[in-house]
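What follows is a set of notes on a single structure, which appears directly below.
Bear in mind these aren't lab numbers, they're just calculated from the coordinates by the rules spelled out. Source: prediction; values computed, not measured. Note: ideal-geometry Cβ built from the backbone for every residue, glycine included; neighbour counts use all protein chains shown.
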Amino acid sequence: MSKTLEATVEIAASPQQVWHVISDLKRMGEWSPQCRKMAVLGGPVGVGTKTINVNRKGLLVWPTTAKVLAFEPGRLLRFRVNENRTVWSFTLEPTDTGTRVIQRREAPTGTSKVSQFLIDKVLGGATAFDDDMVVGMNATLARIRNEAEGAALAR
């Protein structure tokens, strides 16, 4: 079973302003150092929406697909990556000064054998991979914070 990874950021913008940034899945490649592109299939994003993603780490590039599991405007976005069975989420909590965003990567049923093999043999092992994922999650949240706070100041 893979451990839960988590990163948190405080953003000086309302949950609605932050949601506007996070819920635009087509822009995920702007925020994430690893998920370089997320193509949304079908109409507006909601529960059941499917995506095709392009991920990159160094010279390695690989595709994944995902399905949105929860879409609660201003509060929660959660999706499952089909290939490795991980569940990613962004939880928004109002604060006195704006919004706290918690990003999590969970693997409630463990990760796939293929994913475990690739992490162990190609991506430096589970500990290094998890550490790198948390660094990436913090970078993602910092980019989301910059975008949301910039939009909040422009209003």
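Structure values in brief
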item: Solvent-free Debye scattering, log10 I(q)/I(0), computed from the Cα coordinates of the chain at q = 0.14 Å⁻¹; result: -0.67
item: 222 nm mean residue ellipticity, helices alone, for the chain (DSSP H n ≥ 4; -39,500 (n - 2.57); rounded to 500); result: -10000 deg cm²/dmol
item: Dipole of the chain, positive end: most advanced residue of Thr49, Ala70, Thr86 [Cβ charges, Cα centre]; result: Thr49
item: Rounded to the nearest 20 debye, dipole of the stretch 5-154 from Cβ charges on Lys, Arg, Asp, Glu; result: 640 debye
item: Around Phe71: net Lys/Arg minus Asp/Glu count, Cβ-Cβ under 14 Å; result: +3
item: Net +/- balance of residues flanking Gln103 in space, Cβ distance below 12 Å, scoring K and R +1, D and E -1; result: +4
item: Selection from Ile144, Ala12, Trp31, by position along the positive dipole direction of the chain (Cβ); result: Trp31
item: Order of Ile102, Ile52, Ile22 under a 10 Å beta carbon neighbour criterion, fewest first; result: Ile52, Ile102, Ile22
item: Sequence-separation-based contact order of the stretch 5-154, relative, with Cα cut under 8 Å and 6+ spacing, percent; result: 30 percent
item: Gain on full stretching of the segment that runs from Leu59 to Thr97 - 0.36 nm per residue minus C-alpha separation; result: 9.7 nm
